[in-house]
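Right, one structure below, let's go through it.
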Amino acid sequence: MKRFNDLTDFDAQEIAGLLELAGRLERLPEPHALEGKVLSLLFLSPSLRTLASFQAAMARLGGGSFVISPEMSIHGLEARPGIVMDGAAAEHVREAVPVIASYGDAIGIRAFAERRDLDEDLADTEFENLVSLVDVPVINMESAIQHPCQSLADWKTLDDLGIPAEGGKFVLSWAYHPLALPLAVPAAAVRMASQRGMDVTVLRPPGFELPPPVMNQARRLAAASGGSVTETDDRREAMEGAHVIYAKSWSSTLHYGDRPGDQALREELLGWCVDEPWFEPAREDCRFMHCLPVRRGVVVADGILDGPRSVVVPQARNRMLAQMAVLYRMMKG
Ligand code: CP
């Protein structure tokens, strides 16, 4: 494996193989599998889970890793092309990224979503520019429109819970958050559940529709896997018979790149905080998923996070197990 960027690059059999490997590595640890191998980790935006789970995954497989982020660097990092570097930044990504990559056998990159131009973010321009600078295998640790490690862990979580692919109802719901967040997680989640063959409903207020290329790809994936994709702003209709609700906030696509426009729209939507009444039309055992970090009392009520519906901690732990499988395939061969 040379590139782990988009879960849809892998067919159902390949994903099943990765998840089987993740389970095997948990049951039967291989603490020497990646002995002598090094993973370079470049974070251009903050992280807790991705940062810790990749380091833990490499350690459990006997390899090593190192982390670089602008906050810890003694030099400021510049990313803009063609810039005259007479300001604070003393190093450009055009040198820094290939140097970092050259110290490892593979590199994980977390890029930032500019959230200025939707087409640029849909094309993942920032991430692809960084990838073009390296010649070792690359893992996307979240970019403007992809989060494949989260998707693989989420797929594993659904399997672990015994939530069926065929006939399993997956609700991806927008939730209130004070900031305009990237589209990577909702885009990855809707594709993952569609690819898994689930009946997917995207629940979102007007103005927060996922971009047509994302929804169209999800519909194609669902058509191939036997699932379905619908979209609504009607909470009761969406939650009817749901096996799982996956909550996430994202930027308004109506006002993409227009922060005041986005802010004005989302200020009306404080009530989109997932709480027990949401679950009334759902299955009794309907679960709550979120990629974390999550703002308590804003995105979701404490009672849900602290109650039996929530699977957010095992979901986050699955990041490490899923990534162990990816690293094993990528670095061991
Ligand atoms: N879910 C996720 O990617 O978490 P971090 O931003 O903490 O890595």
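Could you count how many residues in the stretch 22-48 are touching a strand residue (DSSP E or B) at 6+ places or on another chain (Cβ under 7 Å), in a loop (DSSP other than H, G, I, E, B) and not aliphatic (A, V, I, L, M)?
2
Can you report the number of residues in the stretch 144-180 which are among the small types (Gly, Ala, Ser), part of a loop (DSSP other than H, G, I, E, B) and within 23 Å of residue 251 (Cα to Cα)?
3
Go through the stretch 58-82 and report how many residues are open to solvent by less than 80 Å² (accessible area, probe 1.4 Å) and either assigned to a strand (DSSP E or B) or at pLDDT 95 or above (or both).
So the answer is 13.
Kindly evaluate residue 44 against the criterion of being open to solvent by 20 Å² or more (accessible area, probe 1.4 Å), touching a residue at least 12 places away in the same chain (Cβ under 8 Å), within 16 Å of the ligand (Cβ to nearest atom) and not β-branched (Val, Ile, Thr).
Answer is yes for this residue.
Just to be sure, is residue 231 more than 20 Å from the chain's Cα centre (by Cα), under 20 Å from residue 185 (Cα atoms) and acidic (Asp, Glu)? If you could, list the steps in order and put the result at the bottom.
On the way: more than 20 Å from the chain's Cα centre (by Cα): yes; under 20 Å from residue 185 (Cα atoms): yes; acidic (Asp, Glu): yes.
Considered against the rule, which asks whether it is more than 20 Å from the chain's Cα centre (by Cα), under 20 Å from residue 185 (Cα atoms) and acidic (Asp, Glu), residue 231 comes out as yes.
For (1) of a type in the set (S, T, N, Q); (2) under 22 Å from residue 1 (Cβ atoms), each residue gets a yes or a no:
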residue	(1), (2)
33	no, yes
36	no, yes
50	yes, yes
82	no, no
98	no, yes
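Which condition from (1) farther than 19 Å from residue 7 by Cα; (2) away from the ligand (no atom under 12 Å from the Cβ); (3) not polar (S, T, N, Q) is the one that residue 181 breaks?
Of everything listed in (1) farther than 19 Å from residue 7 by Cα; (2) away from the ligand (no atom under 12 Å from the Cβ); (3) not polar (S, T, N, Q), residue 181 misses just condition (2).
Looking at the stretch 19-35, is at least one residue farther than 23 Å from residue 293 by Cα, within 16 Å of the ligand (Cβ to nearest atom) and modelled with pLDDT of 95 or more?
no
Return the only residue of 284, 267 being part of a helix (DSSP H, G or I), more than 16 Å from the ligand (Cβ to nearest atom) and surrounded by fewer than 22 Cβ atoms within 10 Å (Cβ to Cβ).
Answer to the check: 267.
What do you reckon, is residue 297 at positive phi, open to solvent by 20 Å² or more (accessible area, probe 1.4 Å) and more than 16 Å from the ligand (Cβ to nearest atom)? First the steps, then the outcome.
Working: at positive phi: yes; open to solvent by 20 Å² or more (accessible area, probe 1.4 Å): yes; more than 16 Å from the ligand (Cβ to nearest atom): yes.
Yes; evaluated as a whole, the condition is true for this residue.
Within the set of pairs 6+ apart or on separate chains, which have a first residue in the stretch 292-309 that is not assigned by TED's automatic domain parsing to the domain that holds residue 50, a second that is of a type in the set (Gly, Ala, Ser) and part of a helix (DSSP H, G or I), and C-beta atoms under 7 Å apart?
Sorted first by the residue in the stretch 292-309, then by its partner, the pairs are 292/316.
Exactly one of (1) open to solvent by less than 40 Å² (accessible area, probe 1.4 Å); (2) assigned to a helix (DSSP H, G or I); (3) without any contact (Cβ under 8 Å) to a residue 40 or more places away in the chain is unmet by residue 51. Its number?
Among (1) open to solvent by less than 40 Å² (accessible area, probe 1.4 Å); (2) assigned to a helix (DSSP H, G or I); (3) without any contact (Cβ under 8 Å) to a residue 40 or more places away in the chain, the lone unmet condition for residue 51 is (1).
Condition check ((1) of a type in the set (A, V, I, L, M); (2) open to solvent by 20 Å² or more (accessible area, probe 1.4 Å)) across all residues:
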site	(1), (2)
115	no, yes
136	yes, yes
152	yes, no
184	yes, no
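Being open to solvent by 10 Å² or more (accessible area, probe 1.4 Å) and within 27 Å of residue 49 (Cα to Cα), is that true of even one residue in the stretch 228-249?
Within the stretch 228-249, the first condition is being open to solvent by 10 Å² or more (accessible area, probe 1.4 Å), and the residues that meet it are 228-237, 240-241, 243, 248.
Among the residues that remain, those that are also within 27 Å of residue 49 (Cα to Cα) are: 243, 248.
Checked the stretch 228-249: at least one residue is open to solvent by 10 Å² or more (accessible area, probe 1.4 Å) and within 27 Å of residue 49 (Cα to Cα).
The values are calculated or read from the model by the stated rules, or taken from the named source; none is laboratory data. Bear in mind the structure is a predicted one, so any value in this text is a computation, not a measurement. Neighbour counts are summed over all protein chains in view; Cβ atoms, including those assigned to glycine, are modelled from backbone coordinates with ideal geometry. To get the accessible areas, we keep the full protein, side chains included, count just its heavy atoms, and leave off ligands, DNA and RNA. Shrake-Rupley method; radii C 1.70, N 1.55, O 1.52, S 1.80 Å.
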